[in-house]
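The values are calculated or read from the model by the stated rules, or taken from the named source; none is laboratory data. Being a predicted model, the structure only gives us computed values, none of them experimental. When we count neighbours, we look across all protein chains shown, and the Cβ atoms used for this are built from the backbone with ideal geometry, even at glycine. For the accessible areas, the whole protein counts, side chains as well, though only heavy atoms, and no ligand, DNA or RNA atoms are used. Shrake-Rupley method; radii C 1.70, N 1.55, O 1.52, S 1.80 Å.
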Amino acid sequence: MTDQLQLGLAERHRGQEANLAAAVAAHRRYREAAEVVLDELVASGQPFTAEDIRRGIPKGIEAHSPNVLPSLIGTWAARRRIVPCGEYRSRRRSRRASRNRVWVANPQSSAA
């Protein structure tokens with residue numbers, strides 16, 4: 001029997017995938033730029049945050065939605081490419097000191 005948590009997570013993953021699909025229109029380069037930065041951060045083996053990814057995206061490339069980066073991170077985490085290794089409080093005004101995760105490459109995925 002499927003419980004509410006499984007249903008909620010499945011719905012969340014569907015929403016993330018839909019948001020990322022919308023980010024690949026020909027005139028939208030944010031997802032591609034974010035994935036390049038994310039790939040580099042994962043390859044470094046060092047812990048990183050969403051802010052590190054944002055800083056690496058070239059100026060002038062904007063997301064169609066503020067949820068693109070969280071969707072991208074959530075998708076990589078669901079695929080076990082990255083795993084959480086800590087938390088921090090955001091300094092971005094729009095995040096209102098929310099709790100965010102620090103990520104690192106999944107050691108098991110790099111051994112494959």
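Summary of values
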item: Condition broken by Ala43, with the remaining ones in (1) open to solvent by 80 Å² or more (accessible area, probe 1.4 Å); (2) free of Cβ contacts under 8 Å to residues at least 40 places away in the same chain satisfied; result: (2)
item: Count - residues of region 61-80 that are open to solvent by less than 40 Å² (accessible area, probe 1.4 Å) and touching a residue at least 60 places away in the same chain (Cβ under 8 Å); result: 2
item: Residue match in region 5-28 (condition: of a type in the set (Val, Ile, Thr) and in contact (Cβ under 8 Å) with a residue 24 or more places away in the chain); result: no
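Results for (1) open to solvent by less than 70 Å² (accessible area, probe 1.4 Å); (2) touching a strand residue (DSSP E or B) at 6+ places or on another chain (Cβ under 7 Å); (3) modelled with pLDDT of 95 or more; (4) not in a loop (DSSP other than H, G, I, E, B), shown as yes or no for each residue.
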site	(1), (2), (3), (4)
Ala26	no, no, no, no
Asp39	no, no, yes, yes
Ile53	yes, no, yes, yes
Lys59	no, no, no, no
Arg91	no, no, no, no
